[in-house]
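**Student:** Once you've had a glance at the structure underneath, I'll fire off some questions.
The values are calculated or read from the model by the stated rules, or taken from the named source; none is laboratory data. Because the structure is a prediction, the values reported are computed rather than measured. Backbone-built Cβ (ideal geometry, glycine too); neighbour counts: all protein chains shown. We work out accessible area using only protein heavy atoms, side chains counted, and drop any ligands, DNA or RNA first. Shrake-Rupley method; radii C 1.70, N 1.55, O 1.52, S 1.80 Å.
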Amino acid sequence: MYYNIAAPVGHYIHSEYITLLPTGRFYENRERTLSYLRELDPDRMLYNFRTAFGVDTKGAEPLGGWEEPTGLLRGHSTGHYISALSIAVSATGEELFREKLRYMVHELRKLQLMSKGDPAAFKTACTAENPSQENWSKNPGEWGEGFLSAYSPDQFALLEQFVKYKDIWAPYYTLHKIVAGMIECYSRVYLDEALDVAKDIGNWIHARLSAVSAEHRKKMWSLYIAGEFGGMNESMARLYALTGDEKYLETARMFDNGNVFPGLAEGVDTIMGLHANQHIPQIIGAHHEYRATGEDFYKSVAENFFHIVTHHHMYAIGGVGQGESFRGSDALAANIKEDTNCETCAAYNLLKLARDLAALDPENTAYMEYYERALINQILASQCEHITPDMLNGVTYMLPIGPGAVRSYSDNYNSFTCCHGTGMENHVKYTDASFLLTEDALYINQYVPASVKGAVDVRIENDFPFGGVRVALEFNRDFTAKLRIPSWCDNPFPELSREGNFAVARGKAGEKFALCGEFTYSLRWETTPDELDGSAVAALMYGPFVMVTEDPSKEWISLDSDLEKYKLIPGDVPILSDGARTFIPMYAAGEKPYHAYFKLK
């Protein structure tokens, strides 16, 4: 890897060495997603690409939602599909996933090789006044070498004319999902052809954007939401890390957001009012630019953003935003609505950012505290546990937190959105941040039931959603294992020494530890910084869980703030009762109407 930072870099143990244990909700969710990935027809996922390039669609039917044949974001879900297949191959070794993945990459590579010419030379026949798709190019011979998308480059050319959403949508966002899928494939499954696809897309982008001035690009990226480019700076920085080709690092810098980054680097909140998922991936990219360059500017952007979001914009479940956008700093209660908070994609990307930041600062448990919060209360809750033939992996777009909220879920083929795309990935990578390895130690960050082989063999069993946990450690060489102690409990491993927020086991080669602990769940209110109608507003927390109550009312519920009134009662999940109503974990609410926030008396 071509990284230039001097500080030691931790790396997460590769998913092929981790086994998710077949027990509990994490495993059940993953199995639903794996069933869906087995079902998804690769030719349907290729339909729009083949149509764009004018080749046989092999009798496949088109997709629905944002992937319908005239949708301006069509093709983005195919990138997520490739990412999800890559994770599934790495995590399970299942040959069907490998066959599908190879087929997808090879078929897309064949189309990409049809693109010819100079990327910077492509001109659209459209204008800002008439951007109609009827006038889009149908000749790959003029699209530019390396181009690959489910539509022609006309959207890119129109973006350069500052055409706004909804006449165009977000062409670099779509392209990012494709290149990100290819990098995921190469990084997890080692498929060389996928790296070839990613590099050639990177070459096309470099050539195209090199012909556009920095000021011109700055205006493009500031366009709502047509200027959304996903995490293209992340992917280009990762391509640089994989290849050492400075061209990709130069391309990554072309996506620096000059309207947002400088303020963040100084600790100023420059994200208020901005579209959340348009900007979170940019910050992930800034982190990777730091790793590539060692420039503290990028480090400050990423770290300050994470602090600002988690301290001033985050809801108790780990989600952010209302109507897809960040609102005012500390204005959380004022922006709780019935069903328009906490876009699932935003949590997906914040988890990626927390994971990346923790790799360079593993002793700072704030990153993994956030990861645990969002993983359990948003991601685990975002999948419907009831399946039908038409909904094998129903996932949420928003995960609502307002009064009387009811979740809605996507189906197999007709309701593709950005969150349906990330939903293909979310539930097959639950252990993605669990085990971090540095030169000195193995950090056990999450307690998802799993086993891993390495310098220290680890097996984690727990009684999720209850507090019992068993950790078996076997040291294959002299080494240290550090087990994160969550902030909501006492040390569950008293036989180990405590150092900061970790229980520490130092073992000799051949030494074994059998740890039986109990996470003691604390009960507490987590209040918003602002009040509503003169009342404090809070979520009820029990250990790691946001607790909700079933109620279809659209009016706010007022609760007694005295925690002594809330008692644990027996059940399959933690259940609290105040004598009048019961409360269950957010992930267990499923399709019921519920309240996640309350006014306190």
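**Student:** Hey, what did the range 319-474 get for relative contact order, percent, Cα under 8 Å, at least 6 apart?
**Tutor:** Here the relative contact order equals 18 percent.
**Student:** Then there's this: Mean residue ellipticity at 222 nm from the helices of the chain, using -39,500 (n - 2.57) per DSSP H segment of n ≥ 4 over the full residue count, to the nearest 500 deg cm²/dmol?
**Tutor:** When only DSSP H runs of four or more count, the value is -11000 deg cm²/dmol.
**Student:** From the protein chains alone at 1.4 Å, what is the descending order of accessible area for F255, F513, largest first?
**Tutor:** My answer, sorted largest first, is F513, F255.
**Student:** How large a share of the accessible area of the range 543-601, in percent, is made up of carbon and sulfur atoms when the probe is 1.4 Å and the other protein chains stay in place?
**Tutor:** Summing carbon and sulfur atoms, their accessible area is 50 percent of the total for the range 543-601.
**Student:** In the range 545-601, which GluC sites (Glu not before Pro) are in a loop and have at most 10 other Cβ atoms within 10 Å, using DSSP for the loop call?
**Tutor:** Sparse-neighbourhood loop GluC sites (Glu not before Pro): E555.
**Student:** With all protein chains present, how much of the accessible area of the range 133-179 (probe radius 1.4 Å) comes from carbon and sulfur, to the nearest whole percent?
**Tutor:** 41
**Student:** What number comes out for the charge environment of A354, summing +1 per Lys or Arg and -1 per Asp or Glu over other residues with Cβ under 12 Å away?
**Tutor:** -3
**Student:** Determine how large the accessible area of W169 is when every protein chain is in place; take a 1.4 Å probe and give Å² rounded to the nearest 10.
**Tutor:** Solvent-accessible area, nearest 10 Å²: 40 Å².
**Student:** For a quick check of your reading of the filter: which GluC sites (Glu not before Pro) in the range 506-539 sit in a DSSP loop and have no more than 15 other Cβ atoms within 10 Å?
**Tutor:** E511, E531
**Student:** Exceeding 31 Å between C-alpha atoms, which entries from my cross-link table qualify? They are K123/K299; K164/K554; K199/K429; K177/K299; K100/K337; K123/K219.
**Tutor:** K123/K299; K164/K554; K100/K337
**Student:** Counting only protein chains, not ligands or nucleic acids, how are R50, R327 ordered by accessible area (probe 1.4 Å), most first?
**Tutor:** The ordering from most to least exposed comes out as R327, R50.
**Student:** Only sites in a loop by DSSP and with at most 16 other Cβ atoms within 10 Å count here; which trypsin sites (Lys or Arg not before Pro) in the range 474-545 make the cut?
**Tutor:** Here the sparse-neighbourhood loop sites are R477, K508.
**Student:** In the P(r) worked out for the chain, what percent of Cα pairs fall beyond 33 Å?
**Tutor:** Above the 33 Å cut-off, the chain has 44 percent of its Cα pairs.
**Student:** What whole number of Å gives the distance from the Cα centroid of the range 140-204 to the Cα centroid of the range 348-396?
**Tutor:** 26
**Student:** Continuing with the same structure: As a test question: what accessible area, to the nearest 10 Å², does E28 have when a 1.4 Å probe is rolled over all protein chains in place?
**Tutor:** For E28, solvent-accessible area is about 90 Å².
**Student:** Kindly report the accessible area of the chain per residue (heavy atoms of protein chains, probe 1.4 Å, no ligands, DNA or RNA), in Å².
**Tutor:** 35
**Student:** Taking only C-alpha pairs under 8 Å that are 6+ residues apart, what is the relative contact order of the range 50-162 in percent?
**Tutor:** Once divided by the residue count of the range 50-162, the mean separation gives 26 percent.
**Student:** If packing is taken as the mean number of other Cβ atoms within 10 Å per residue, what is the order of 31-40, 540-549, highest first?
**Tutor:** Answer by packing, highest mean first, reads 540-549, 31-40.
**Student:** Tell me, what ³J(HN,Hα) does each residue in the range 285-302 have, in order and in whole Hz, if you take phi through Karplus 6.51 cos²θ - 1.76 cosθ + 1.60 with θ = phi - 60° and put x for Gly and Pro?
**Tutor:** Once rounded to whole Hz, the list reads x, 4, 4, 5, 5, 4, 4, 7, 10, x, 7, 4, 3, 5, 4, 5, 4, 5.
**Student:** Describe numerically, in nm with one decimal, the distance between label points set 7 Å from Cα along Cα→Cβ at T243 and at D41.
**Tutor:** The answer from the label model is 3.5 nm.
**Student:** Please list the non-local residues whose amide H lies under 5 Å from the amide H of S561, H modeled 1.01 Å from N, same-chain partners needing a gap of 5 or more.
**Tutor:** Residues meeting the criterion, in which the H sits 1.01 Å from N, are K601.
**Student:** Here's another thing I want to ask about it. Quick check: net charge around L473, other residues with Cβ under 9 Å of its Cβ, Lys/Arg +1 and Asp/Glu -1?
**Tutor:** Net of charged neighbours comes to -1.
**Student:** Quick one: how many Å² of D43 are accessible to a 1.4 Å probe, rounded to 10?
**Tutor:** Near enough 30 Å² of accessible area.
**Student:** Continuing with the same structure: With point charges of +1 on the Cβ of Lys and Arg and -1 on the Cβ of Asp and Glu, referenced to the Cα centre of the chain, which listed residue (S561, V456, Y594) lies farthest in the positive direction of the dipole?
**Tutor:** Farthest along the dipole direction, towards plus: V456.
**Student:** Okay, next question. Just need the relative contact order of the chain here, percent rounded to a whole number, with Cα pairs under 8 Å and 6+ apart.
**Tutor:** Rounded, it is 14 percent for the chain.
**Student:** Residue by residue through the range 520-530, what is 3J(HN,Hα) from phi via Karplus (6.51 cos²θ - 1.76 cosθ + 1.60, θ = phi - 60°)? Round to whole Hz and write x for glycine and proline.
**Tutor:** With coefficients 6.51, -1.76 and 1.60, one gets 7, 7, 8, 9, 7, 9, 10, 8, 7, x, 9 Hz.
**Student:** Okay, next question. Order the following by accessible area, largest value first: V55, V197. Probe radius 1.4 Å; ligands, DNA and RNA are ignored.
**Tutor:** If we order V55, V197 from most to least accessible, we get V55, V197.
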